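K.L.:
My structure is below; once you've seen it, I'll send some questions.
The values are calculated or read from the model by the stated rules, or taken from the named source; none is laboratory data. Just so it is clear, the structure is predicted and the values come from calculations on it, not from any experiment. Cβ coordinates were reconstructed from backbone atoms using ideal geometry, including for glycine residues, and neighbour counts include every protein chain displayed. Ligands, DNA and RNA are stripped out before the accessible areas are found, and what is left, the full protein with its side chains, is counted by its heavy atoms. Shrake-Rupley method; radii C 1.70, N 1.55, O 1.52, S 1.80 Å.
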Amino acid sequence: MRKPFICGNWKMNADRAGAVALAKATAQTAGQVGGVEVGVCPPACYLETVLAAAKGTPLVVGGQNMHTEAGGAFTGEVAGPMLKDLGCAYVILGHSERRHIFGETDEFISKKVQAAFKFGLKPILCVGEKIEQRQARETEAVVRRHVTTGLAGISNQQARQVVIAYEPVWAIGTGLTATPQQAQEVHAFIRQLLATLYDAALAQEVRIQYGGSVKPDNNFDLMSQPDIDGALVGGASLKADGFAQIITEGARAKGL
Ligand code: PGA
């Protein structure tokens, strides 16, 4: 019912030639593995190149971030209409690196989610706790706050289009993956929360990705969980073969 969605987040990596090669290889995988939506989010400067490589293939492309405003005096920023104009379908918002390295607040991220819809982009809203918050048993409170504020002002119709990525901060780039059970617990919590914020039918429609050290050898177990609908993959999405394996393992987990 929910189409699995596996998306690479290249972060600040790749050069032009590497971006083309990786996009082409990933587009080929996307064409071969039916039933799974496959995406990549390259650095903004390579979006156009990657979109050209993805043209005519099922590979979808997203930005890694955007500003709240449509344009103006915001040196160094990228606006939603620019992403849309290039042909992006998605935009990652609220990634933990944006929250914790660049100081983005829940309120700022909330404005970005609203702006994404205004400019015709689907947000991939990232949520997740830090290790000290998990140890203090604050995981649910943190995730509730990220989801609730992230979706503030978002209508029922819009919320159906949102992708939520549960990314425990302690698992990102550390090689420490959440166990499938740990991830499933939080995914189920998020789905329940969506039912409370909206309704049960909507909660069943929204795709919730797991992110944080997803690898070829752990994605089957992760995506075998009933509430894990896909993956947001950083480091392991930079190698075409490994990312292809992550995608085929995800499809296999969902019986596709
Ligand atoms: P990682 O990053 O797969 O390298 O842990 C995931 C992410 O930050 O989206």
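K.L.:
What distance in nm lies between label points placed 7 Å from Cα along the C-beta direction at K3 and A201?
P.N.:
That separation, rounded to one decimal, is 2.1 nm.
K.L.:
Now for a different question. Volume per residue, Å³, of the convex hull around the alpha-carbon atoms of region 4-56?
P.N.:
Value for region 4-56: 63 Å³ per residue.
K.L.:
While we're here: Any idea what the alpha-carbon Rg over 2.2 N^0.38 Å comes to for region 23-104?
P.N.:
Dividing the Cα radius of gyration by 2.2 N^0.38 Å gives 1.18.
K.L.:
A further question on this structure: Roughly what % of Cα-Cα distances in the chain sit above 26 Å, to the whole percent? Could the numbers behind the result be given before it?
P.N.:
Values: 10960 of 32640 pairs.
So the portion of pairs separated by more than 26 Å is 34 percent.
K.L.:
Going highest first, how would you order 30-37, 231-238 by mean Cβ packing within 10 Å?
P.N.:
231-238, 30-37
K.L.:
Given axes a ≥ b ≥ c from the Cα gyration tensor, I'd like to know whether region 85-229 is rounded (a/c under 1.5), prolate (a/b larger than b/c) or oblate.
P.N.:
rounded
K.L.:
Something else now. In Å, what Kirkwood hydrodynamic radius results for region 131-205 from the alpha-carbon pair distances?
P.N.:
13.2 Å
K.L.:
Under the definition of Cα pairs under 8 Å and six or more residues apart, what whole-number percent is the relative contact order of region 65-212?
P.N.:
On the way: 221 pairs, mean separation 31.3, N = 148.
Relative contact order comes out at 21 percent.
K.L.:
Each residue of region 242-255 in turn: what ³J(HN,Hα) in whole Hz from Karplus with 6.51, -1.76, 1.60 and θ = phi - 60°, glycine and Pro shown as x?
P.N.:
Values per residue, Gly and Pro as x: x, 5, 4, 5, 4, 5, 5, 5, x, 5, 5, 4, 8, x Hz.
K.L.:
Considering only DSSP states other than H, G, I, E and B, which chymotrypsin sites (Phe, Trp or Tyr not before Pro) in region 91-185 qualify as loop sites with at most 16 other Cβ atoms within 10 Å? Write down the numbers at each step before the final one.
P.N.:
On the way: sites: F102, F108, F117, F119, Y166, W170; in loops: F102, F119.
When the chymotrypsin sites (Phe, Trp or Tyr not before Pro) of region 91-185 are filtered for loop state and at most 16 Cβ neighbours within 10 Å, F102 remain.
K.L.:
Beyond a 26 Å Cα-Cα separation, which of these cross-linked pairs lie in this structure: K11/K215; K84/K130; K118/K254; K11/K112; K112/K239?
P.N.:
K84/K130; K118/K254; K112/K239
K.L.:
Using alpha-carbon pairs under 8 Å, 6+ residues apart, how would you state the relative contact order of region 102-173 in percent?
P.N.:
Numbers: 72 pairs, mean separation 32.0, N = 72.
Computed value for region 102-173: 45 percent relative contact order.
K.L.:
Where is the GNM fluctuation largest for the chain (alpha-carbon springs, 10 angstrom cutoff): A53, A178, A21?
P.N.:
A21
K.L.:
Let me ask another. Could you rank the peptides 208-214, 189-195 by their average count of other C-beta atoms within 10 Å per residue, with the highest value first?
P.N.:
Values: 208-214: 27.0, 189-195: 18.1.
Sorting 208-214, 189-195 by mean packing, highest first, produces 208-214, 189-195.
K.L.:
May I ask you to give the percent of accessible area on the chain that is carbon plus sulfur, with a probe radius of 1.4 Å?
P.N.:
In the chain, the share of accessible area belonging to carbon and sulfur is 52 percent.
K.L.:
Using a Gaussian network model of the chain whose springs link C-alpha atoms within less than 10 Å, name the residue from E77, E48, E69 with the highest mean-square fluctuation.
P.N.:
Maximum fluctuation in the GNM of the chain, among the listed residues, is at E77.
K.L.:
Related question: Running a GNM on the chain with Cα contacts under 10 Å, which residue among T29, T49, T75 ends up with the highest mean-square fluctuation?
P.N.:
Taking springs between Cα atoms under 10 Å, the residue moving most is T75.
K.L.:
Right, another one. Accessible area per residue for the chain in Å², computed with a 1.4 Å probe and the full protein assembly in place, what is it?
P.N.:
On a per-residue basis, the chain sits at 43 Å².
K.L.:
Moving on. From the Cα gyration tensor of region 98-173, with a ≥ b ≥ c the square roots of its eigenvalues, which class applies: rounded if a/c is under 1.5, or else prolate if a/b is larger than b/c, or else oblate? Mind dumping the intermediate values first?
P.N.:
On the way: a/c = 2.13, a/b = 1.84, b/c = 1.16.
Here region 98-173 falls in the prolate category.
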